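Below is one structure, written out as structure tokens, with a few remarks after it.
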């Protein structure tokens with residue numbers, strides 16, 4: 001039987017929690033690495049409409065924009081956060097009021113909103129999303145995103161927000 005290397009460390013998963021086993025054989029809880037905040041993307045605020053209404057669906061639907069909202073640092077899910085979505089779609093341009101709507105995150109920090117199919121604008125199929133602290137109960141910095149879809153035929157877009165506390 002080989003002799004254990006006293007400088008080697010092992011990670012053990014126990015009931016979903018990672019434990020580090022050090023050279024002395026003691027176990028200690030693993031520390032989560034700090035989750036960095038999502039930076040605002042260039043062009044994310046283009047055609048933003050402050051205070052777009054909370055809606056069940058934008059237009060006729062058929063395309064899903066989903067995502068999660070978590071707190072920077074510990075990654076805790078953030079419930080009740082207002083996320084605005086807008087895009088150039090089969091039913092309107094991103095500057096049109098009818099192409100804008102907002103939704104709230106659930107208890108797990110998840111949001112989901114249906115909208116018309118996103119189509120290319122300026123050569124790229126892309127959406128716009130915003131967490132606007134001015135239209136929320138505060139505590140976090142505003143973030144604007146402009147994610148580009150892999151293909152114009154994609155029927156969904158998934159986005160992750162990690163918000164920095166103010």
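With the contact rule set at Cα under 8 Å and sequence spacing of 6 or more, what percent relative contact order holds for region 104-160?
Relative contact order of region 104-160: 30 percent.
Rounded to whole Å and sorted largest first, list the principal axis extents of the Cα atoms in region 37-135.
Taking max minus min along each principal axis of the Cα atoms, region 37-135 gives 38, 28, 21 Å.
Highest mean first, how do 65-77, 35-47 rank when packing is the count of other Cβ atoms within 10 Å averaged over residues?
65-77, 35-47
All of the numbers you see were taken from the coordinates with simple rules; none came from a lab. Being a predicted model, the structure only gives us computed values, none of them experimental. Note that we place each Cβ from the backbone using ideal geometry, even for glycine, and neighbour counts take in every protein chain shown.
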